[in-house]
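Participant: One structure coming up, written as structure tokens, with questions to follow.
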Amino acid sequence: MKTIKAIIASLALFAMFAGTAAQAKVEIQWWHAFGGRLGELLDEQVNKFNASQDKYTVVHTRKGNYSETLNAGIAAFRAGQHPNILMVFEVGTASLMAAKGAYVPMYQLMKDAGQRFNPKGFVSAVSGYYTTTDGKMLSMPYNSSTPVLWVNKDLMKKAGLDPEMDLSTWKRVGNALDAAKAKGIDMPFCTCWHSWVHLENFSAYHNIPFATKSNGFAGLDTELSFNSPVHIKHIQTLGKWAQEGKFKYMGRRNEAGKNFRAGECMLMTESSAGYAGIKKEAKFEFGIRHLPYYGATEAPQNTIIGGSSLWALSGKSKEENKATAAFLAFLSRTDIQAKWHQDTGYLGVTTAAASATKKSGFYKSNPGTDLAGIQMMRNKVTQNSKGLRLGSFDQIRGIIDEEMEGVYNGTKTAQVALDSAVKRGNVLLRRFERANK
Amino acid sequence: MEKRVFFKGWWLPALLVAPQLLISFVFFFYPSGQAIWNSLFLPDPFGLKTEFVGLDNFRFLLSDPYYLASFKTTIIFSTAVSVSSMALGLYLAALADRLIKGAGVYQTLLIWPYAIAPAIAGVLWLFMFNGNIGLASYYLKALGYEWNHTLKGDQAMFLVILASSWGRISYNFLFFLAGLQAIPKSIIEAAAIDGASFWKRFGSIVIPLLSPITFFLLVVNIVYAFFDTFGVIHTITSGGPEQSTTILVYKVFSDGFVSQDLGSSAAQSVILLVLVGILTVIQFKYIERKVHY
């Protein structure tokens, strides 16, 4: 009996100590979508924060890809089991913005926690995406990138092409692909994120609307408009390349990145953030170029961002919100941002981080890493190039992907596919408008 | 003569059926009721507000050509899975039944795939047919056949049917083998003495005697193809390309949990519920009559 009593007593004692230890530190949860190299870098940031102070602990969990993370967050919110911080990719922004009450707006969170925070420090092309029309920042930009053209210089040489040749227009790219195909290169062209690169950014870059009402910024009653002749021409070109075996379709997300890193694909359109993986894995000389455009329009406009921002979800204690604010403020620190930018290829989202990177001579020793930033900020943004704010956009992207698959496998013309995508997408926009009135 | 047992009083029978009733309520009536209720609303994803829309969700669904196409996909898929896995199961069972030596080893090996969860089976097949690293796609390419199930709907369909049938063959094999072994040897021997060939014996004795099992398997396989193949489809194609492998159940999931359109998803569940009800009634009313017990 005595021993049992002793065990119980010691257990109780242990539980007490464990309890006080847990109380001493406020623990907050962060759900995100990063695996691979990006996941390692994210883990590094979290560890750095946890080590930098003794009041808060951040625990991060990967919930799958961007869509899966968003859905896990939403489902958890309904069940009241949601994390403090949720990573939401740019496509989900409109859905969260419309869900007033599901999040604590960034400006509010920082004010309540008494955290010093300067929303003006962010690059406006990025923060504009997450800011209301009256200038209130709702979420914290975390990783933002823009699509660029990745070049496998070794394969270019193999195709008998000058690896430094001009690839600024789709016409020139087409010529290069012809040459590569003729030389027996198996995968001259591949792309990641079809809708994002070839319709969304394509629209901004050519200064044509992707959707009405300033791409949705000006109201929920927006309608899709990416079935213009210029759009159709481009998608038809991709379809033709696919039929001729010059463009290989590998999947809807960033599956093609694997082929590029393995040295199979000669030219790839992918996010500038492909940098982390390509730098780590590529056993060939690679180059970064601006996204090509159609020479017919004047000089290209700017491209828009993809990536995610961090949302502080509502319904958490004051203490936890304080921890969240401290962590988010930490993430926006110049040294953290500059390192993230240089390691990953994501844009430097604060102006200070961008200029610190420039000062350090990073761009000089890593040519091409500054292209994404230049491409995004090269012109004054127009209402077509500010970004997109469309409800149910993840599903609309799914629809676009489906329809584009029809073009690539030759069962549909670009005209039919894009018309159908617009029509089906508009149905979802109306449904979203109705649910969020 | 039917035997009936009467209980005195009501509390003992009530107590005896209570667990079953409770389970039916928790796992069937409550969720079904929820689905019917939710199908009349259009909620926002976070559950912050909701709007009563009457039958609008159903109207929205039935005017969606992809939803209607999903019916066709489901029929093709479940027919192909049931027929192919049952035919192969029967074939293998007939062969294994004739084995004299090492029957146990063969039987064990043939049953093995059944132990693999659908999602894992999906991943296995996906690896083999992966466009980047798959062995099967590599050899197909060497033979001059371009394999890319992420783009070609018929290839994707073939792959999910293959992966779904594979594990199922074992299950069907097991039941057919048991059925074959239950057929009295004397009947078959008598027919053989009368001069009936193997195929004649198989066609006019074995198949009719197997019909109860075949009927049972048909029901079970169709239910499997309708509902349990979710894992396979999710891991291999996620319903793509162009929704060519989106069966009804997958659409419930993808509209509800990927697209966060819970109203539409609930409406689909209700339609599915009705459909399965009808299917079961048809099966037991018309097909069962033709079955010899």
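Since every read-out is calculated from the coordinates, none of them should be taken as a lab result. For clarity, every value in this text was computed on a predicted model and none was experimentally measured. Don't worry about glycine lacking a Cβ; one is built from the backbone with ideal geometry, like all the others, and counts go over all protein chains shown.
Participant: Which helices, counted as full DSSP H runs in chain B, have an axial Cα extent of no less than 20 Å and a Kyte-Doolittle average of 1.0 or above?
Facilitator: B:65-97, B:207-223, B:262-282
Participant: If the reach is capped at under 22 angstrom between alpha carbons, list the lysines near B:Lys101, excluding any in the same chain fewer than eight residues apart.
Facilitator: B:Lys185
Participant: Quick one: check the C-alpha center-to-center distance for the range A:399-425 versus the range A:58-73, whole angstrom.
Facilitator: 30 Å
Participant: When the helices in chain A are scored as -39500 (n - 2.57) per DSSP H run of 4 or longer and the sum is shared across all residues, what 222 nm value do you end up with, to the nearest 500 deg cm²/dmol?
Facilitator: My calculation for chain A gives -14500 deg cm²/dmol from helical runs alone.
Participant: Take peptide B:227-240, look around each residue's Cβ out to 10 angstrom, count Cβ atoms belonging to other protein chains, and average those counts.
Facilitator: So the per-residue partner count for this stretch is 1.
Participant: Work from the charge dipole of chain B (Cβ charges, +1 for Lys and Arg, -1 for Asp and Glu, about the Cα centre) and give the residue of B:Gly131, B:Thr280, B:Phe77 farthest towards its positive end.
Facilitator: B:Thr280
Participant: Within 10 Å of each Cβ in A:246-259, how many Cβ atoms from other chains are there, averaged over the peptide?
Facilitator: Whole-number average of other-chain Cβ neighbours for A:246-259 is 3.
Participant: Okay, moving on. Taking each residue in B:52-64, count the Cβ atoms of any other chain within 10 Å of its Cβ, then average. What number comes out?
Facilitator: 1
Participant: Sequence-distant or interchain residues sharing an amide H contact under 5 Å with A:Cys265, placed H: which?
Facilitator: Here the answer is A:Phe260, since their amide H atoms fall under 5 Å of that of A:Cys265.
Participant: At a threshold of 8 angstrom on Cα-Cα distance, excluding pairs fewer than six apart, so keeping six or more, what relative contact order does chain A reach in percent?
Facilitator: Relative contact order of chain A: 24 percent.
Participant: Another question about this same structure. Each label point is 7 Å from the Cα along the Cα-to-Cβ direction; what then is the distance between the points at B:Ile23 and B:Leu135, in nm?
Facilitator: So the label points at B:Ile23 and B:Leu135 sit 4.1 nm apart.
Participant: Please list the non-local residues whose amide H lies under 5 Å from the amide H of A:Ala102, H modeled 1.01 Å from N, same-chain partners needing a gap of 5 or more.
Facilitator: none
Participant: Right, something else. FRET efficiency for A:Thr411 and A:Gln81, Cβ-Cβ distance as r, R0 = 56 Å, nearest 0.05?
Facilitator: Details: r = 43 Å, r/R0 = 0.77.
For R0 = 56 Å, the calculated efficiency reads 0.85.
Participant: For every other residue with a beta carbon closer than 13 angstrom to the beta carbon of A:Ala312, add +1 if it is Lys or Arg and -1 if Asp or Glu, then tell me the sum.
Facilitator: Computed value for this residue: +2.
Participant: Now, a different point. Structure shown: which of A:Lys153/A:Lys181; A:Lys248/A:Lys279; A:Lys283/B:Lys152; A:Lys181/A:Lys240; A:Lys111/A:Lys136 lie over 20 Å apart, alpha-carbon to alpha-carbon?
Facilitator: As for pairs spanning more than 20 Å Cα to Cα, those are A:Lys248/A:Lys279; A:Lys283/B:Lys152.
Participant: Sort the following peptides by mean Cβ neighbour count (other Cβ atoms within 10 Å, averaged over residues), highest first: A:273-280, B:211-218, B:138-145.
Facilitator: Ranking the peptides A:273-280, B:211-218, B:138-145 by packing returns A:273-280, B:211-218, B:138-145.
Participant: Same structure again: Taking K and R as +1 and D and E as -1, what net charge do the other residues with C-beta under 12 Å from the C-beta of A:Lys213 add up to?
Facilitator: The answer is -1.
Participant: Continuing with this model, one more query. Hey, what's the Kirkwood Rh for the protein assembly as shown if you take every pair of different alpha carbons, in angstrom?
Facilitator: By the Kirkwood definition, the hydrodynamic radius is 29.1 Å.
Participant: A further question follows. Scanning chain A for GluC sites (Glu not before Pro) in DSSP loops with at most 11 other Cβ atoms within 10 Å, what's the longest stretch left with none?
Facilitator: A:1-163
Participant: Still on this structure, please answer the following. Taking chain A as the reference, fit the longest principal axis to its C-alpha atoms, fit the long axis of helix A:2-24 to the helix C-alpha atoms, and give the angle between the two in degrees, 0 to 90, nearest 10.
Facilitator: 50 degrees
Participant: First check a/c for the range B:77-290, with a ≥ b ≥ c the square roots of the eigenvalues of its C-alpha gyration tensor; if it is under 1.5, answer rounded, and if not, answer prolate when a/b is larger than b/c or oblate otherwise.
Facilitator: On the way: a/c = 2.65, a/b = 1.47, b/c = 1.81.
Taking the square roots of the gyration eigenvalues as a ≥ b ≥ c, the range B:77-290 is oblate.
Participant: Moving to a separate point now. For chain A, take the longest principal axis of its alpha carbons; what is the angle in degrees between that and the long axis of helix A:318-331, to the nearest 10 within 0 to 90?
Facilitator: Around 40 degrees separate the two axes.
Participant: Are there cysteines in chain A with no second cysteine's Cβ under 4.7 Å away, and if so, which?
Facilitator: If one checks each Cβ against the other cysteines of chain A, A:Cys192 turn up with nothing under 4.7 Å.
Participant: Only Cα pairs under 8 Å and at least 6 apart count here; give the relative contact order of chain B as a rounded whole percent.
Facilitator: Relative contact order for chain B comes out at 28 percent.
Participant: What is the helix-to-structure angle for A:393-408, meaning the angle in degrees between its Cα long axis and the longest Cα principal axis of chain A, kept from 0 to 90 and rounded to the nearest 10?
Facilitator: Roughly 30 degrees between the two axes.
Participant: How many percent of the alpha carbon pairs in chain A exceed a separation of 29 Å?
Facilitator: 48 percent
Participant: Label-point separation (nm) for A:Ala218 and B:Ser186, each offset 7 Å from Cα along Cα-to-Cβ?
Facilitator: For A:Ala218 paired with B:Ser186, the spin-label model returns 9.1 nm.
Participant: Out of B:Leu16, B:Leu61, B:Leu174, any idea which swings most in a Gaussian network model of chain B, alpha carbons joined below 10 Å?
Facilitator: With Cα springs under 10 Å in chain B, the top fluctuation among B:Leu16, B:Leu61, B:Leu174 is at B:Leu16.
Participant: Could I ask something else about it? Once phi is turned into θ = phi - 60°, what whole-Hz ³J(HN,Hα) does the Karplus curve with 6.51, -1.76 and 1.60 give for every residue of the range A:245-259, x standing for Gly and Pro?
Facilitator: Couplings: x, 8, 10, 10, 8, 10, x, 7, 9, 9, 4, 5, x, 4, 5 Hz.
Participant: If I stretch the segment between B:Ser204 and B:Ala69 completely, what's the gain in nm (0.36 nm per residue apart, minus their alpha carbon distance), one decimal?
Facilitator: 44.7 nm
Participant: Cβ under 14 Å from B:Gly89's Cβ, B:Gly89 left aside: what net charge do those residues give with Lys, Arg +1 and Asp, Glu -1?
Facilitator: 0
Participant: What's the magnitude of the charge dipole for the range B:77-290 around its Cα centre, counting Lys and Arg as +1 and Asp and Glu as -1 at the beta-carbon? Answer in Debye, nearest 20.
Facilitator: 560 debye
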